[in-house]
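Chemist: First the structure, then my questions, so here it is.
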Amino acid sequence: MKKQALIFVWLLLLVFLFLRFFAVFSDKPQIHPGDHVKLTVMLRNEPRIDGNTQVLEIFADKARFRVYTTRFPHYQYGQKLTIVGDVSESKVGKENIGVLDKLRPDLRIYFPKIEAENSALLFITTIRQQIGDSMRGFLPPDEASLLIGMIFGSKEGFSESFLQGLRDTGVLHVVAASGMNVSLLASFLMSFLLRFFNRRVAAVMVICAIILYTLLASLAPSIVRAAIMGGIAFVASALNRQNVAVWGLAIAAYSMLLFDPFLLFDVGFQLSLAATLGLVVVKPMVEKGIVVFAKLAKLPLLGEDVSTTIMAQVTTLPILLGNFGTVSLASVFVNALVLWTVPLVTILGFIAAFLSFFPFINLVPLLAALPLLLFFKTVVIFFDKPFFLLQIKLPIIVGIGYYLIVSAVYLFLKNPRVRSEGAKNGIKDKD
């Protein structure tokens, strides 16, 4: 009876979600190419710098806009902007337009008149800028940008070659505001903290780290989304409550989709959900059912990095290939080599950020982080070779089939008989 009631509740929730989708998708934007508009919005993302141009991404009146303006004055997260200009169509070819662009047109406004007002959120941005300036004043450009990116999820200040290298070797998630970044960071911190604390204390410390990371990233929507997913999932996972983790993720994803149905077609949302499921649901089950992964997980921190990276790659591969068409064959190895530095560098970065208001004292954690940053950069440059890149555009139907196979393997390993066979091979559940 309890199971039937639960199924009924979920069916009811799905009906509500369907009605929400129908209402949003049937409500077409009122703004079209050629219109002269006046938009008043709060900037929710840091502008992207492209040469001498700033690119602002905003949402208003059921439409998505990219606003192109001059490099100066520099606009910041949290500012209230009044934008007056003419709307143009995206210059992307129709063959490259995705589902999201068809449902919510991707419009352009080129060099409009912009009036900016400050808000309380600008205070956070000012602090972050001061922290960034103190790090850039001591570290080389790419190393400083890498450290700032690990903390804030920012991709500003990189040389074009190094940024492309991060992308090609599959470690760009380290400096991207995505769920994969939060999930991996939380996983590695958990594996490290469990060596000194019990699960409950370690879980609390990881959640505090996620909250701190979210604040330092200026509460960017993608980071908030990732933090919600990561927080719910890791509390449950750290306490050995995998079923609660699944329910927590389902509720978080449902709530987000109910608030904004367009997230279903957002690559960041898809990666956040897939990476978190891979790390907190699939990974523990695979480690119980497959001897190789079980032994791998018992290795020192490097082994934990390898198994974690593989599971994240397994659950996000179709999304990466379907959207970007490129994946590095060396990605798992590169991640295994460099990801152990992420928690250490991030912690040192947090310390340096706190001490940035005390001149010269913050040089101590920055000096400690510099060798790790140099190692990270060296590995990326070494493996940034064209022959490691696999280029393939994965059709949606193939991606669906892939996830069905992964789900079948998961259900097979969840079978009690498989777990008992694993126990006979000496595989024990982790504490």
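The values are calculated or read from the model by the stated rules, or taken from the named source; none is laboratory data. Not measured: the values here are computed from a predicted model. Heads up, the Cβs are rebuilt from the backbone with ideal geometry, glycines too, and the neighbour counts pull from every protein chain shown.
Chemist: Six or more apart or on different chains, Cβ atoms under 9 Å: show the pairs whose first residue is in the range 4-26 and among the small types (Gly, Ala, Ser) and whose second is surrounded by 10 or more Cβ atoms within 10 Å (Cβ to Cβ) and modelled with pLDDT of 70 or more.
Modeler: ALA23/PRO261
Chemist: Of all residues in the range 326-359 being in a strand (DSSP E or B) and not aliphatic (A, V, I, L, M), which is modelled with the lowest pLDDT?
Modeler: THR326
Chemist: Next question. Only one of (1) at pLDDT 70 or above; (2) surrounded by fewer than 20 Cβ atoms within 10 Å (Cβ to Cβ) is not met by VAL291, so which one is it?
Modeler: (1)
Chemist: May I pose another question? Out of VAL9, VAL37, VAL15, which single residue is over 30 Å from GLY132 (Cα atoms), in a helix (DSSP H, G or I) and modelled with pLDDT of 80 or more?
Modeler: Values: VAL9 fails: modelled with pLDDT of 80 or more; VAL37 fails: in a helix (DSSP H, G or I).
Just a single option satisfies the conditions, and that option is VAL15.
Chemist: Here are some conditions: (1) crowded, with 21+ Cβ neighbours inside 10 Å; (2) free of Cβ contacts under 8 Å to residues at least 24 places away in the same chain. GLY349 meets all but one. Which one does it not meet?
Modeler: Only one criterion is unmet by GLY349, namely (2).
Chemist: If we scan the range 297-314, do we find a residue that is over 23 Å from LEU390 (Cβ atoms), surrounded by 17 or more Cβ atoms within 10 Å (Cβ to Cβ) and either modelled with pLDDT of 70 or more or of a type in the set (Lys, Arg) (or both)?
Modeler: no
Chemist: Take the range 89-115 and flag every residue that is surrounded by 15 or more Cβ atoms within 10 Å (Cβ to Cβ) and either outside any helix (DSSP H, G or I) or modelled with pLDDT of 85 or more (or both). Reasoning before the result, please.
Modeler: At the first step, the residues of the range 89-115 found to be surrounded by 15 or more Cβ atoms within 10 Å (Cβ to Cβ) are 90, 100-101, 103-109, 112, 114.
SER90, ARG104, PRO105, ASP106, LEU107, ARG108, ILE109, PRO112, ILE114, listed by residue number.
Chemist: Sticking with this one: Looking at (1) over 30 Å from PHE388 (Cα atoms); (2) at pLDDT below 75, which is the only condition LEU258 fails?
Modeler: Against the list (1) over 30 Å from PHE388 (Cα atoms); (2) at pLDDT below 75, LEU258 comes up short only on (2).
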